[in-house]
1. Look at segment 362-414 and say how many of its residues are of a type outside the set (Gly, Ala, Ser) and touching a residue at least 60 places away in the same chain (Cβ under 8 Å).
2. For a quick check of your reading of the model, give me the residue pairs whose first member lies in segment 306-323 and is outside any helix (DSSP H, G or I), whose second is modelled with pLDDT under 75, with beta-carbon atoms closer than 9 Å and at least 6 apart or on different chains.
3. If you take the residues in segment 55-87 that are touching a residue at least 24 places away in the same chain (Cβ under 8 Å) and assigned to a loop (DSSP other than H, G, I, E, B), which one is most open to solvent (accessible area, probe 1.4 Å)?
4. Could you identify the single residue in LYS431, LYS396, LYS425, LYS386 that is modelled with pLDDT under 95, out of contact with any helix residue (DSSP H, G or I) (no Cβ under 8 Å at 6 or more places or on another chain) and open to solvent by 30 Å² or more (accessible area, probe 1.4 Å)?
5. From the residues in segment 367-382 that are under 20 Å from ASN321 (Cβ atoms) and open to solvent by 10 Å² or more (accessible area, probe 1.4 Å), which one is modelled with the lowest pLDDT?
6. Any residue in segment 163-174 that's free of Cβ contacts under 8 Å to residues at least 40 places away in the same chain: show its pairings with residues that are crowded, with 17+ Cβ neighbours inside 10 Å at Cβ separation under 7 Å, as long as the two are six or more apart or on different chains.
7. When you scan segment 464-513, how many residues do you find that are β-branched (Val, Ile, Thr), part of a helix (DSSP H, G or I) and in contact (Cβ under 8 Å) with a residue 60 or more places away in the chain?
8. Residues of segment 88-103 being assigned to a helix (DSSP H, G or I) and either without any contact (Cβ under 8 Å) to a residue 12 or more places away in the chain or farther than 25 Å from GLN157 by Cβ (or both), which ones?
Amino acid sequence: MEIDRGSTSHDQITRKHGEDKEEEERGKLNPIVVLLVGAPGSGKSTFCDHVMKNCPRPWARICQDTISNGKSGTKIQCLASAGTALKDGKSVFIDRCNLEREQRAEFLKLGGPKVEKHAVVLDLPAKLCISRSVKRSGHEGNLQGGKAAAVVNRMLQKKELPKLSEGFTRITFCQDEVPLPPTSPLFTREGITHVIHVLGPNMNPHRPNCLNNDYAQGCEVLRESYSSLFEGFASIVRCHGGSSKGSSETSLESKISPTNGDQKVKRESIYESDVNKKFKGLQKDLKPSVRNYLNKKEDPDKEDGGGMTKAWNSWAQALYNIAMHPDKHKNVVMEILDDVVVLKDLYPKAQRHLLVLARGEGLDQLADVCREHLSLLKTMHAVGLKWAEKFLDENKSLVFRLGYHSAPSMRQLHLHVISQDFDSKHLKNKKHWNSFNTPFFRDSVDVIQEINEHGKATSKNEDNFLSMELRCHRCQSAHPNIPRLRSHISSCQAPFPAALLQNSRLVFMPSEEGTGK
């Protein structure tokens, strides 16, 4: 299975902005700048060609080898051409090696802070880059043949991998696949020539981010890695399938590798059944604590976004039991009233994170609420607001939102009262973040207004919200993973979006109002 080395990054660039041809024609997409980083022979120009061919954005490729009427030019000429393209509404590829921080600095100033800057790093082995450069012919910059090896080696000696601190919105690393030996059964029986290698969790105390033999945490890291990998494959197939002229029933194998077109097409349902059987068999061999962890019993606040049914798992009953019998849970309950119970979230996603539980029967989630429950909703909001104001008296810098999850993972209607710092070790993955920072999170004031006007809360496509890319809740910049996002939000001072500042969706000290802080 030959994997297109640039496909995943191409898909991220096109998919993350919701590029749709109709939207592009209406001019809704803002230009972006993409700096390609890699040695000669790493595939930068090929990557550009793939993206420009498949992405509906208007692109301009800025290549120093051809910038001067088809001949080699200067960095200044590249900057000028890129600036002109941005003014024309085009997104820009900077097709240079850009291996040194100094070489990238001027390009990161293009378009000002409103234009997102992305880096795509083609970090391939020197041996592979040299082999390609030596063998190629007709290269734009005439870097081919015997002299290519010395140039590649010299440039790689000065390599400085890009960092977000330079001013990048996102950095994507593309590395070589792992070739399978010809003796491998996958090679001989299935025709697979390469695999994508996902490294196991780090248990080495001498390396950064060591998990200290935390097996459960290691399972989570691997699960998230493989989930991201498979989602990437699926999105690549969708991307290529949309432009394909063939049958819509073309198999996954034939879309990735044309040589596999004669293989049998396995139905998705059969595949999922086999996977589930294997997973259940694997679980039997694990310790009970690890099985519980993999089944999300140790962190019930994980939002899986699936359609909820009346069959709630045992761990999902915890809030219901507290709401119905608060006297038995005084160790976790902070306040007991006739209609509501207040407690700290067991897995808080911010410095301050409370839950206000409804004590009524038959109110499992927001979908169960109707106009007759308006008084209860207003009581829950008032209690949540009271606690937010109490916390603000202790720390004036905090900002709060009060709201509900569209499709909660735990039974019993509950209102989240959460500070907007999101400074918590329990904020671990994309679903955690998106469950509080996309339309999946329904502001309490909006829910009250909607039910008052329409009698019920409208249903939304929860799965799409939870799988959205990670974006800062202040400046809306995109980030590749939770650690990068957390690093950014710890210092981001941008004002909150105007929509959140309206209708009292945010709660902060009166003196701060209007500042967005």
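The values are calculated or read from the model by the stated rules, or taken from the named source; none is laboratory data. Since the model is a prediction, treat every value here as computed from it, not as a measurement. As a convention, Cβ positions derive from the backbone with ideal geometry for all residues, glycine included, and neighbour counts pool all protein chains shown. Please note that ligands, DNA and RNA were not included when accessible areas were found on the heavy atoms of the full protein model with its side chains. Shrake-Rupley method; radii C 1.70, N 1.55, O 1.52, S 1.80 Å.
1. Residues that pass the stated criteria total 25.
2. GLY306/GLU462; GLY306/ASP463; GLY307/GLU462; GLY307/ASP463; ASN313/ASN295; ASN313/LYS296; ASN313/LYS297; ASN313/PRO300
3. That would be SER72.
4. On the way: LYS431 fails: out of contact with any helix residue (DSSP H, G or I) (no Cβ under 8 Å at 6 or more places or on another chain); LYS396 fails: out of contact with any helix residue (DSSP H, G or I) (no Cβ under 8 Å at 6 or more places or on another chain); LYS386 fails: modelled with pLDDT under 95.
It is LYS425.
5. Taking segment 367-382 as the starting set, the residues that turn out to be under 20 Å from ASN321 (Cβ atoms) are 368, 376, 380.
Subsequent filtering for residues that are open to solvent by 10 Å² or more (accessible area, probe 1.4 Å) retains 368, 376.
On the way: ASP368: 92, LEU376: 95.
Residue satisfying both the conditions and the ranking: ASP368.
6. Pairs found: none.
7. Start the filter on segment 464-513 by keeping residues that are β-branched (Val, Ile, Thr), which leaves 482, 489, 507.
Those still in the list that are part of a helix (DSSP H, G or I) too: 482, 489.
Going one step further and asking which of them are in contact (Cβ under 8 Å) with a residue 60 or more places away in the chain, we end up with 489.
So the answer is 1.
8. Here is the first cut: in segment 88-103, the residues assigned to a helix (DSSP H, G or I) are 101-103.
Correct list: GLU102 only.
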